[in-house]
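Notes follow once the structure below has been shown.
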Amino acid sequence: MLNYTYRKYGLPIMITENGLGAVDEISADGRIQDPYRIDYLSKHIQEMKKAIEIDQVNCIGYLTWGPIDLVSATTGQMSKRYGFIYVDIDDQGQGTAKRLKKNSYYWYQQVITSNGAKLEYGSE
């Protein structure tokens with residue numbers, strides 16, 4: 001899609017609101033394991049890098065969906081979550097509103113600090 005769009009319009013591209021909505025749950029140890037989100041985003045970033053480095057697509061930016069779970073604009077749900085930070089609120093607006101960093105939070109922090117060089121979760 002990046003190649004097609006760039007070749008067709010010849011303008012710089014900024015990717016916005018890329019992400020995966022899923023039902024994330026807190027495990028017994030209090031963590032939110034979301035390998036599906038990490039895998040989804042990692043694969044997209046890898047393909048974006050190929051388009052930039054190999055095909056010379058002028059991609060000037062990349063943004064995921066909101067970094068924190070939010071109410072779905074179309075359904076009003078909280079159960080389908082999009083962010084790197086879990087918000088303890090359910091579909092009825094009940095909960096503590098406590099924020100918990102998901103595994104994807106730490107993964108994306110690693111991606112940013114390495115400028116995309118470390119895309120595998122936990123890679124050194």
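No lab work stands behind these numbers, since they all come straight from the coordinates. Given the structure is predicted, the values throughout are model-derived calculations rather than measurements. Because the Cβ atoms are built from the backbone with ideal geometry, glycine has one as well, and the counts that use them run over all protein chains shown.
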Here the net charge surrounding Ser79, from other residues whose Cβ is less than 11 Å away from its Cβ (Lys, Arg +1; Asp, Glu -1), is -3
Rg from C-alpha atoms of the chain, normalised by the globular rule of thumb 2.2 N^0.38 Å, equals 1.19
Eigenvalues of the alpha-carbon gyration tensor of segment 61-103, times 5 and square-rooted, give semi-axes in Å, largest first, of 18, 14, 6
Taking a crude spin-label model, label points 7 Å out from Cα along the C-beta direction, the Glu47 to Ala22 distance in nm is 1.7
Dividing the mean separation of Cα pairs under 8 Å (6+ apart) by the residue count of the chain yields a relative contact order in percent of 26
In deg cm²/dmol, rounded to the nearest 500, the helical mean residue ellipticity at 222 nm of the chain, built from -39500 (n - 2.57) for every DSSP H run of length 4 or more, is -9500 deg cm²/dmol
Within segment 1-43, DSSP-loop chymotrypsin sites (Phe, Trp or Tyr not before Pro) with at most 10 other C-beta atoms within 10 Å are none
Taking every other residue with Cβ under 13 Å from the Cβ of Asp69 and scoring Lys and Arg +1, Asp and Glu -1, one gets +1
per DSSP, antiparallel bridges as share of beta bridges in the chain, % nearest 5, sits at 50
Here, trypsin sites (Lys or Arg not before Pro) of segment 31-106 satisfying both criteria (DSSP loop; at most 11 other Cβ within 10 Å) are Lys98
Rounded to 0.05, the calculated FRET efficiency for the beta carbons of Thr5 and Val71 at R₀ = 25 Å is 0.25
